[in-house]
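Worksheet: the structure to be examined is printed underneath.
The values are calculated or read from the model by the stated rules, or taken from the named source; none is laboratory data. Everything numeric here is computed off the predicted structure, so don't read it as measured data. Methodologically, a virtual Cβ is constructed for each residue, glycine included, from the backbone with ideal geometry; neighbour enumeration extends over all protein chains shown.
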Amino acid sequence: MFRRKKKDEKTEDAPVAAAAREDAETALEVEAPAATMAAAQSQVSPGEASLEGVTTPKAGRSAAIKASTGRGNRVQKVGIVSSDKMQKTVVVRVDRLVLHQKYRRYVRRTSRFMAHDDLGSTIGDRVRIVETRPLSARKRWRVVEILQKAAK
């Protein structure tokens with residue numbers, strides 16, 4: 001029914017495709033000339049990192065902390081403190097919505113993380129936690145800030 005064309009067969013639209021390809025290449029050369037590329041590269045010398053012009057989507061204290069420590073992007077989660085009965089440790093409940101494969105409805109899934117807390121958060125507080133090195137057998141997170149105190 002449909003026959004595949006062989007590579008050595010010439011088609012009528014081949015010259016049109018070649019002309020379109022050449023037009024695309026010349027358009028790329030017009031958009032990014034080599035002089036502007038060289039000027040952009042000369043502004044930052046090799047081996048020098050510049051963070052002055054970089055804008056982060058999450059502006060605030062945590063962005064400033066990340067830039068100063070230089071440890072890269074660490075995973076951050078926002079959750080609610082569900083237990084504070086330990087010393088300097090809280091259990092944080094993080095909820096997320098997951099689309100069910102079969103029923104195509106959103107299902108709430110919860111995860112519990114044990115986090116080191118120097119700030120003194122209590123049950124019901126909304127906190128931001130960040131991953132860190134293992135601090136104990138089950139504690140691998142640290143409370144960075146208290147976003148909202150619990151209503152009393």
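For the structure I just gave you, tell me whether Val94 is more than 22 Å from the chain's Cα centre (by Cα) and among the β-branched types (Val, Ile, Thr). The answer is no for Val94. The residue pairs whose first member lies in the range 77-104 and is surrounded by 14 or more Cβ atoms within 10 Å (Cβ to Cβ) and of a type in the set (Lys, Arg), whose second member is in a strand (DSSP E or B) and at pLDDT 95 or above, and whose beta carbons are closer than 6 Å, counting only pairs six or more residues apart or on different chains, are Lys77/Val94; Lys77/Ile129.
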